[in-house]
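Have a look at the structure below, then the notes.
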Amino acid sequence: MNSKIKLAFEKIVGTSNIITNDLNPFNTDWMNKYVGSSQIVLTPQTTVQVSQILKFCNENLLKVVPQSGNTGLVGGSVPINDEIIISLKKMNKIQEFDLNSAILTSESGVILDNLNNYLLQYKYQMPWDLGARGSCLLGGNISTNAGGLNVVKHGLLRNYILGLEVVLPNGKILNLLNKNRKDNTGTDLKQLFIGSEGTLGIITKANVLCIPIPNEKKVFFLELKSFQDVIKVLQKVKRNEQLLAFEFMEGRILYKNMHRHNGNQLPFQFQEDRYYVLIEISGQSINVDSFSMDMMEFTQEIIMNQSEKEAQFLWKLREEIAESMGKMGYVLKYDVSIPPDKFEWLVNQIYPKREGPFHVYYGHVGDGNVHINIVFEQLEDLHKEEDKIEQKLFGLVKSEGGSISAEHGIGQHKRKYMELQKGKDVLECMNEIKRLFDPNGIMNPNKLL
Ligand SMILES: Cc1cc2nc3c(=O)[nH]c(=O)nc-3n(C[C@H](O)[C@H](O)[C@H](O)COP(=O)(O)OP(=O)(O)OC[C@H]3O[C@@H](n4cnc5c(N)ncnc54)[C@H](O)[C@@H]3O)c2cc1C
């Protein structure tokens, strides 16, 4: 790193907000799949500092990567080369929660779990939830338009963001903050930044509409004989407005993970050829009997939690899948949207008779989002297979009217398939917007677009 540049950053953020040693955790993504070679991480503490950093970088054509919790799964949050990393984790002040409007105002660097802990005193919670809740930050969630476990009931994050403060690549601070539920004053600019993966600007603050914590909830774990039965149960319970989550898991991965729970009471002796579903219902008062009746018709067995601890354990069985796959080797991860009844068909098209490297499908069946994970022992093998699998998988997804990214985003992973997904005209329009905000191309280069 050029010493003049370093000195300029020291003037803006001070030496205590510059990291130049042990940058591995910032340069490497959560899956150890993407590794950059940045030599400097800046940790600004105010919006003005973010603005000054970007202005300087823009004037000197220095490329930057915004980083929050670095839990992203598409290589968006790590540099490709030696870009400057701007970590938002010190912008972690929660400003207020307004009980009358249920609107939270916060800096973007707060951990999702911490936002929920803060909201507890008001009996409110964040409208989205995901397995990375202990590490991901508000700004990272917004920049990826994160999906997660409750979309089936609450819909997407995008609907709950009422306002944003964003710093543009030229250093201009765009005040799009808004504490009104209703604001109908022309083009909704903040939407451009939600899900744009740090390619247009840096989100520094947000207004979020929060939701009440329900009085009651129940978690069910079901064992089923076929994937068709999973879909039949889904059809039955989907009409019920108390349905909060409908998560599907293949027996082959639960069976493999059984050894992790020696001594813990498992809901079933998992079998490789069975299908499992976790359902959570919630509300101010819930009707467990009517739900159980709906599920019974197609289910071999149902377990229902008797305590909060049991509920947490049942969720753990679902949430540990991503991590356990990572421990088996290098993982190719896909999160595609496709009609739920096509999940099994899709996987069979990729691996007929389910042969090939160890792979599983699981995920948010309730909102048509399947995760396909394929494990390779060597990174080189993964890279050898990647293109072949993706051309087939994404081609099939497109032909079924689906999306190559349901929730993780595009990052560096799926960038070359954007034209397949969007078509030439739409992609060109996205590129024009990028050029308008970032004519020098300094923001998160070679990601998404
Ligand atoms: C165990 C596990 C479970 C997960 N489950 C889900 C899930 O259910 N649903 C889901 O959608 N995702 C899931 N993810 C993926 C990931 O957690 C989400 O994408 C999350 O929203 C990323 O947040 P982050 O704070 O880690 O952001 P990062 O990974 O740091 O960044 C993500 C992207 O946003 C950009 N960015 C970050 N902060 C800002 C900012 N302030 N301004 C502008 N751009 C910014 C980055 O440049 C990058 O492109 C999971 C990940 C893990 C590890």
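The values are calculated or read from the model by the stated rules, or taken from the named source; none is laboratory data. Since we're looking at a predicted model, the values are computed, not measured. Here the Cβ is made from the backbone with ideal geometry for all residues, glycine too, and neighbour counts use every protein chain on show. Just so you know, the surface numbers come from the protein's heavy atoms only, side chains and all, with ligands and any DNA or RNA stripped out. Shrake-Rupley method; radii C 1.70, N 1.55, O 1.52, S 1.80 Å.
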Starting at the first residue of region 401-406, write each ³J(HN,Hα) from the Karplus equation 6.51 cos²θ - 1.76 cosθ + 1.60 with θ = phi - 60°, in whole Hz, x for Gly and Pro. x, x, 10, 6, 9, 7
Largest first, what is the accessible-area ranking of Ser16, Ser108 with a 1.4 Å probe? Ser16, Ser108
Could you give the length gained on full extension between Glu428 and Glu386, defined as 0.36 nm per residue of separation minus the Cα-Cα distance, in nm? 12.5 nm
Stokes-Einstein diffusion coefficient for region 147-258 at 25 °C in a medium of 0.890 mPa s, Rh from the Kirkwood formula over Cα pairs: what value in µm²/s? 139 µm²/s
What is the dipole size for region 24-93, taken about its Cα centre, with +1 at each Lys and Arg Cβ and -1 at each Asp and Glu Cβ, in debye to the nearest 20? 240 debye
Evaluate the relative contact order of region 329-439 (contact order divided by residue number), counting alpha-carbon pairs under 8 angstrom at least 6 apart; express in whole percent. 32 percent
Here the relative contact order (percent) of region 55-159, from C-alpha pairs under 8 Å and at least 6 apart, is 21 percent
With only Lys, Arg, Asp and Glu charged, each at its Cβ (+1 for the first two, -1 for the last two), find how big the charge dipole of the chain is about the Cα centre; round to the nearest 20 debye. 900 debye
So who's got an amide H within less than 5 Å of the one on Leu162, skipping anything under 5 residues away but keeping other chains? H placed 1.01 Å off N, in plane. Asn207, Val208, Leu209
What area, in nm² and to one decimal, does the C-alpha convex hull of region 357-449 cast on average over all directions? 7.4 nm²
Helix 424-437 sits at what angle to the longest principal axis of the chain, using alpha carbons and giving 0 to 90 degrees rounded to 10? 40 degrees
Could you compute how much accessible surface Ser68 exposes when probed at 1.4 Å, giving the result in Å² to the nearest 10? 20 Å²
Sequence-separation-based contact order of the chain, relative, with Cα cut under 8 Å and 6+ spacing, percent: 16 percent
Collect residues whose amide H, placed 1.01 Å from N in the peptide plane, falls under 5 Å from the amide H of Tyr124; neighbours closer than 5 in sequence don't count. Ile213
Whole-Hz Karplus ³J(HN,Hα) for region 322-333, in order, using 6.51 cos²θ - 1.76 cosθ + 1.60 and θ = phi - 60°, x for Gly and Pro? 4, 5, 5, 5, x, 6, 7, x, 8, 10, 8, 10
Assuming 0.36 nm per residue, please report the length gained on full extension of the stretch Ser292 to Asn81 beyond their Cα-Cα distance. 70.6 nm
Could you state how much accessible area Tyr122 has, in square angstrom rounded to the nearest 10, with a 1.4 Å probe and all protein chains kept in place? 60 Å²
Among Pro212, Leu137, Leu162, the residue whose Cα sits farthest towards the positive end of the charge dipole of region 91-246, when +1 is placed on the Cβ of each Lys and Arg and -1 on the Cβ of each Asp and Glu, is Pro212
For Thr185, Thr144, give the ranking by accessible area with the largest first, probe 1.4 Å. Thr185, Thr144
Accessible heavy-atom area order of Thr187, Thr46, Thr204, Thr71, highest first, probe of 1.4 Å: Thr187, Thr46, Thr71, Thr204
I need the semi-axes of the equivalent ellipsoid of the chain: take the C-alpha gyration tensor, multiply each eigenvalue by 5, square-root it, list largest first in whole angstrom. 37, 26, 20
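Mind checking the per residue accessible area of region 403-449 for me, 1.4 Å probe, whole number of Å²? Spell out each step's value before the answer.
Working: 2270 Å² over 47 residues.
About 48 Å² of surface per residue is accessible.
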Taking the dipole about the Cα centre of the chain, with the C-beta of Lys and Arg at +1 and of Asp and Glu at -1, give me whichever of Asn440, Tyr275, Ser77 is farthest to the positive side. Asn440
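Rounded to the nearest angstrom and ordered from largest down, what semi-axes does the equivalent ellipsoid of region 3-87 get from its C-alpha gyration tensor (root of 5λ)?
Values: eigenvalues 94, 30, 29 Å².
The equivalent ellipsoid of region 3-87 has semi-axes of 22, 12, 12 Å.
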What angle, in degrees between 0 and 90 and rounded to the nearest 10, separates the Cα long axis of helix 3-13 from the longest principal axis of the Cα atoms of the chain? 70 degrees
R0 = 41 Å: FRET efficiency of Thr28 with Arg181, Cβ-based, nearest 0.05? 0.50
Whole-Hz Karplus ³J(HN,Hα) for region 144-151, in order, using 6.51 cos²θ - 1.76 cosθ + 1.60 and θ = phi - 60°, x for Gly and Pro? 9, 6, 3, x, x, 8, 10, 4
Pick from Ser324, Ser87, Ser143: which is most flexible by mean-square fluctuation in a GNM of the chain where alpha carbon atoms under 10 Å apart are linked? Ser324
Between Gln349 and Arg435, what FRET efficiency comes out of the Förster formula 1/(1 + (r/R0)^6) with R0 = 35 Å and r the beta carbon distance, rounded to 0.05? 0.40
Once you charge only the Cβ atoms, +1 for Lys and Arg and -1 for Asp and Glu, what is the size of the charge dipole of region 214-318 about its Cα centre, to the nearest 20 debye? 280 debye
Quick one: accessible surface of Val74, probe radius 1.4 Å, all protein chains present, in square angstrom to the nearest 10. 10 Å²
Please give the calculated 222 nm ellipticity per residue for the chain, where each DSSP H segment of at least 4 residues contributes -39500 (n - 2.57) and the sum is spread over every residue; nearest 500 deg cm²/dmol? -9500 deg cm²/dmol
